[in-house]
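This report concerns only the one structure given below.
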């Protein structure tokens, strides 16, 4: 039972089993869920992000998925939700910017993302996307600060 719950969480509630680009699919599912949470409250997204970060490390360990197989997308959920914390409004522009920025940082892995990605354990699986999300959130914050209204 514990293994089944860990696999469900690690797979992003099944979104990691999408046959094409499971990481992107997981990010899109996370984007939709994150938008719904933001509509309710920023605090809800913060709590969910923290829970997914901690729960993701547990789930990856439990499923022994340290090699970061494609079906493990809970790290995309964490990174996408962290990115969304840099949004000031919920609009199609801000959602698109959050999605694209997170995916770019996740795919190209500039330092320190690359450092975390080199770890071959549960923390490394989660940390690279958490760092990518933080960097993307910072870019969103700067965009919103320097170009107000751009993403409304």
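Please enumerate the residues belonging to the stretch 1-50 that are surrounded by fewer than 13 Cβ atoms within 10 Å (Cβ to Cβ) and within 24 Å of residue 91 (Cβ to Cβ).
Step one: of the stretch 1-50, the residues surrounded by fewer than 13 Cβ atoms within 10 Å (Cβ to Cβ) are 1-4, 19-21, 32, 36, 39-43, 47.
Correct list: 32, 36, 39, 40, 41, 42, 43, 47.
What is the residue count in the stretch 9-32 for residues that are more than 19 Å from residue 104 (Cβ to Cβ) and touching a residue at least 12 places away in the same chain (Cβ under 8 Å)?
Going through the stretch 9-32 one residue at a time, the tally reaches 8.
Can you find even one residue in the stretch 54-72 that is in a helix (DSSP H, G or I), surrounded by fewer than 19 Cβ atoms within 10 Å (Cβ to Cβ) and free of Cβ contacts under 8 Å to residues at least 24 places away in the same chain?
Yes.
Tell me, please, whether a residue that is modelled with pLDDT of 95 or more and over 16 Å from the mean Cα position of the chain (by Cα) can be found in the stretch 109-122.
Restricting attention to the stretch 109-122, the residues satisfying the condition of being modelled with pLDDT of 95 or more are none.
No, the conditions are met nowhere in the stretch 109-122.
Scan the stretch 1-29 residue by residue and report those that are closer than 17 Å to residue 68 by Cβ and either out of contact with any helix residue (DSSP H, G or I) (no Cβ under 6 Å at 6 or more places or on another chain) or not in a helix (DSSP H, G or I) (or both). Give the derivation first.
Looking only at the stretch 1-29, we keep the residues that are closer than 17 Å to residue 68 by Cβ, and these are 6-7, 9-12, 15-18, 21-27.
Selection gives 7, 11, 12, 17, 18, 21, 24.
Quick check: anything in the stretch 73-87 assigned to a helix (DSSP H, G or I) and at pLDDT below 95?
At the first step, the residues of the stretch 73-87 found to be assigned to a helix (DSSP H, G or I) are 74-84.
This time we only want the ones that are at pLDDT below 95, so: none.
Looking for residues that are assigned to a helix (DSSP H, G or I) and at pLDDT below 95, one finds none in the stretch 73-87, hence no.
Working only within the stretch 88-115, note down all residues that are assigned to a helix (DSSP H, G or I), touching a helix residue (DSSP H, G or I) at 6+ places or on another chain (Cβ under 6 Å) and without any contact (Cβ under 8 Å) to a residue 24 or more places away in the chain.
113
The values are calculated or read from the model by the stated rules, or taken from the named source; none is laboratory data. Keep in mind that this is a model prediction, so the values were computed, not measured. Every residue, glycine among them, receives a Cβ derived from its backbone with ideal geometry; neighbour counts consider all protein chains shown.
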